[in-house]
Amino acid sequence: MIISPATKPPQDKKIHGRVTLLLIIATLAVLFIVFDGQQYLSLASLKSSRQILQDFYREHQLLTIAGYMLLYILITALSLPGALIMSLGGGALFGLWLGFLLVSFASTIGATLAFLGARFLFRDTIQQRFGEKLAAINKGIEQDGAFYLFSLRLVPVFPFFIINLIMGLTSIRTRVFYLVSQIGMVPGTLVYVNAGTQLGKIESAGGILSPGLLFSFALLGLFPLLAKTVIETIRKKSNKRKT
């Protein structure tokens, strides 16, 4: 059977798509490194440029919101370092509730894109090579995948981008991943955005000791412990119901 160039097999198209996506990701990552994008995603940079960003936001609100969300989604989708600073920046620039809304959706959309990228690029290969070893994981995901992902989102034991990529290699459905991530990241998003609103209010060294900022940093430290307690309580109740 002769296959014309116009009718390439689906497998060839998939390989071509993977190569193209990898090239795009590699190019963007190289540009990020070459132009030292990390220097702009630091606490010092956020503090020094806060007034400029706020002035721009007052004059161009929709453009600022759109640009912020696109940048956040891009950073998260490419698993680049900077999501934490972007969350703090959302609070400092937009305030608590608008900042929370923007960060919540931008982080979840970006996480889902990273999830889909890992699934498209690596899932078939990983499943073929380690299918037997991953069988138990996939079974657990099918039985309790939503709650397991919810636990990972609520208790930040693993880095944010690691969860996105690893979940892309499992059998969890995209819709479930998005919805659970959106809900599970709500408490953490509120904590970080709130901390950003307090950082934005520091005008002098004395501001570091302000009650609002101290409370925000206390939440940052206590949040993992509180979230872990909540997860353990839910799990115990769930086990009691099963028995």
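Criterion first (exposed (fewer than 13 other Cβ atoms within 10 Å of the Cβ), within 26 Å of I73 (Cβ to Cβ) and either of a type in the set (D, E) or modelled with pLDDT under 85 (or both)) does V191 satisfy it?
Answer is no for this residue.
Rundown of residues vs (1) assigned to a loop (DSSP other than H, G, I, E, B); (2) small (G, A, S); (3) under 19 Å from the mean Cα position of the chain (by Cα), yes/no style:
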site	(1), (2), (3)
S48	no, yes, no
I52	no, no, no
Y72	no, no, yes
M86	no, no, yes
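Counting only residues that are surrounded by fewer than 18 Cβ atoms within 10 Å (Cβ to Cβ) and not in a loop (DSSP other than H, G, I, E, B), how many does the range 88-108 have?
5
Please state which one of G196, G212 is part of a helix (DSSP H, G or I), over 16 Å from I109 (Cβ atoms) and at pLDDT below 80.
G212
State yes or no: is L46 surrounded by 14 or more Cβ atoms within 10 Å (Cβ to Cβ) and at pLDDT 85 or above?
Answer is no for this residue.
The values are calculated or read from the model by the stated rules, or taken from the named source; none is laboratory data. All figures in this text were calculated on a predicted structure; none of them were measured in a lab. So basically every Cβ, Gly included, is an ideal-geometry build from the backbone, and we count neighbours across all protein chains shown.
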